[in-house]
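**Student:** Quick one: structure below, then a few questions.
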Amino acid sequence: MLLRSQTARCAVLCPLCLMAAGAFAAEPPHDDDTSHVDVMVITATPQERPRDDLADAVNMLDRDHIEQHGGTTLGEVLGNEPGIDTSGFAPGASRPVIRGLDSFRVRVLEDGLGTAGVAEISADHGEAINPFSAQRIEVVRGPATLRYGGAAIGGAVNALTNRIPMEEIDELVRGNLFGSYGTVARDRQFAGELEGGYGPLAWHVDGVRRATDDYQLPDSSEDQENTQTDTYAIGGGGALVGSLGRLGFGYGRYVDDYGVSEPENPEEAPTIQLESQHVDSHADLPIDRWKLGELRWRGRYTDYTHDEVVQHESLSTFDADTWEGRLEQLHDPLAGFEGAAGLHFQVRDVSARGEGGELLAPAQSQFYAGYLFEERDLTRSLRLELGGRIERALVEGTAPPSPAGSGNDRDRRFTPLSGSAGLVWDVAEPSSVGATFSASQRAPDALELYARGPHEADGTFQIGDPDADEETAYTFEINTSNHFEWFSLHGAIYYSYYANFIYGAFTGEVVNEEGEPDPAGDLDEIQYTEDQAHFAGFELESEVPIWEFGDLGEVGLDARADFVRGWLDAGNSVPRMPPLRWGSGAWFTSERLRARFGVRRNEKQTYVGDFETDTSGYTMLDWSSSLRVYGDEERGVSLLFAVDNLNDVRARNAVSLKKDEQRLPGRSFRFGLSGSF
């Protein structure tokens, strides 16, 4: 183990020794407008491509979108995008849910590498990233996610920060500042970034500070108790960029102190005190010979810890140390194929103390993988995409105690294999159709294998399955992108079959902290089990310009909808699935003013798992606007005003473990000021 750790440390801190790779050139944010712009997507393929040229479904959010929609977590910022929901456990712990999948099947990345916390282990654990640290966020699902490992079998969320600049910066200093206030929870936020360059040296620093109180409930003077947050994030880095390549280092720190509501037992409501820091290294070496292109390295070491505090006493502590690196070699067209081959590794140690130690004994997981992604034009209008990945994974831990005695140390070894094929057909200049098929595998997580005790923060007693096998997903998807002067449309329809789908099933038992049946207990028993599962659904978004008033501006309409249905071979539904969602809006955009009034509808969710309850539907109204009062898009000042839940409707999140205890926030007025220089 010592040898592995030393090797990983060398890999992260000595990029010139390995010249490894795996990530992607940052792209400057772009302004959303009604015209079609070829924005390059960098998460889906080694060669950045426009969204319409990809066989996979992609969501992209630029900095303007992040500022206008607000949110403490990635889940809140992304939660209204087609195909994406939010776990909604607490304002400080809300992960993205992609097509009904989260936890161990959705990988959250920062600049192409994992955030390396323990958010997957429990719904009350937050992701160690603030969305306002990002210049842009990309969400990819489908075959492209095989570059990021089995933990991205359901999708990958990549926040791009530019903390290690990707190219020369020809200005000595430039920056952005943002401040906002929201009424529903006295939400105070400030974010800023500075970057610049001198010759081949480029640098970047950024910071975020945010604090909120308990949020107010709809149509009420009451608050949802213990939903406060207190967050700050800082980061920065520098790079030498020139004709010989690029070498850079960066640092990020994230601290979050947030509450988890317990309406039925408020004196036992926990507060999570989270701290994470990471050190990054980047290196790019242009080769330009032997048909080889750029050689890229991305490496990261992350030190993560959090305490779960009740009445000023730490009851649980989770620690995680993670080394991750990626080496990627691009190549020029060879036999008609253009693409990249990569090596990817991760070594991860997770330990818990206190009550957390009862849930999961110290565990180590590691994987070493190789992958290949290739593209080829078959005709002038038809392109083929192929990908493959082979992985070797080891998960070490202690199996749950048997009735006859204590738990046993176990080492499980897995060899996940994944492959994908996709076709992109450029039907006509403004339209394309993509079709993909993939077979992806992931190794079970240590929690799914070795969980063995209570977790007070989410009110469960979890029992792992130490004999679980690899999970395999077979997915077929068709998507389309269309951009006409009078109409735009993005849509996708998909079906996935999961063999050995691993999930935590409620058994219906109420137990005490020792796992014994107890009607007076306050823990719901969860048993990790395997079954065959099916997921089918669609996503749709469109925009129609209605009228253009010369130089004064333009008016239009938009619409979006998504739906996913997940069911098991046993006949019951997959737990905590999003309902049918749809919405529409009217917008106005001009050189200085952008405004939108929208309606969002969540239908009633009746497809529920065992021991779950139905969730009522609801309709919310929203308003957002931005007025530039000085300067232009690159150098200027803008005022922001938004209203969330304008009609102050009572609503619950069907995906949340706490939906029966916790309502969504009430009406909120948000005011913001954004400036760039």
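Values quoted throughout were computed directly from the atomic coordinates according to the rules given, and no laboratory measurement underlies them. Source: prediction; values computed, not measured. So basically every Cβ, Gly included, is an ideal-geometry build from the backbone, and we count neighbours across all protein chains shown.
**Student:** Measure off 7 Å from each Cα along the Cα-to-Cβ vector at Arg253 and His534, then give the distance between these two points in nanometres to one decimal.
**Tutor:** 5.3
**Student:** With the dipole of the chain worked out from charges on the C-beta (+1 for Lys and Arg, -1 for Asp and Glu) around the Cα centre, which of Pro46, Phe487, Ile153 lies farthest toward the positive end?
**Tutor:** Sorting the options by dipole projection puts first Pro46.
**Student:** Can you give the log10 of the normalised intensity I(q)/I(0) at q = 0.16, 0.18 Å⁻¹, computed with Debye over equal Cα scatterers of the stretch 365-459?
**Tutor:** Once normalised to I(0) and log-transformed, intensities are -0.79, -0.88.
**Student:** If you project the alpha carbons of the stretch 143-257 onto the principal axes, what extent comes out on each, in Å, largest first?
**Tutor:** That works out to 62, 39, 20 Å along the principal axes.
**Student:** Alpha carbon centre of the stretch 330-405 versus the stretch 601-677: separation in Å?
**Tutor:** If you average the Cα positions of each part, the centres end up 34 Å apart.
**Student:** Order of 319-326, 479-486 by packing, highest average Cβ count within 10 Å first?
**Tutor:** So the peptides 319-326, 479-486, ranked by packing, come out 319-326, 479-486.
**Student:** Give me D for the stretch 441-541 in µm² s⁻¹, whole number, from Stokes-Einstein with Rh from the Kirkwood sum over alpha-carbon pairs, 4 °C and 1.567 mPa s.
**Tutor:** Estimated diffusion coefficient is 79 µm²/s.
**Student:** Express in nm, to one decimal, how much length is gained between Leu201 and Asn647 on full extension, taking 0.36 nm for each residue of separation and deducting their alpha carbon distance.
**Tutor:** Working it through step by step, the gained length comes to 155.5 nm.
**Student:** Provide the gained length on full extension for the span Thr415 to Leu382, in nm with one decimal, where the gain is 0.36 nm per separating residue minus the Cα-Cα distance.
**Tutor:** Between Thr415 and Leu382, full extension yields 8.5 nm more.
**Student:** Ok, one more. Once the dipole of the stretch 2-676 is set up with Lys and Arg at +1 and Asp and Glu at -1 on Cβ about the Cα centre, which of Ile137, Gln364, Ser276 lies farthest towards its positive end?
**Tutor:** Projecting each Cα onto the dipole axis, the largest value belongs to Ile137.
**Student:** Mind computing the radius of gyration and Dmax over the alpha-carbon atoms of the stretch 2-676? Å is fine for both.
**Tutor:** 24.0, 80
**Student:** When the Cα atoms of the stretch 301-392 are enclosed in a convex hull and the volume is divided per residue, what value in Å³ results?
**Tutor:** Normalising the Cα hull of the stretch 301-392 by residue number yields 139 Å³.
**Student:** Evaluate the charge dipole of the stretch 2-676 about its Cα centre and quote only its size in Debye, nearest 20, assuming +1 on the Cβ of each Lys and Arg and -1 on the Cβ of each Asp and Glu.
**Tutor:** 1660
**Student:** In deg cm²/dmol and to the nearest 500, what is the mean residue ellipticity at 222 nm of the chain if only DSSP H runs of at least 4 residues count, each as -39500 (n - 2.57), divided by the residue total?
**Tutor:** The helix contribution divided over the chain gives -1500 deg cm²/dmol.
**Student:** Between Tyr368 and Phe476, what is the spin-label point distance in nm, taking each point 7 Å from the Cα along the Cα→C-beta axis?
**Tutor:** In this crude spin-label approximation the distance works out to 3.8 nm.
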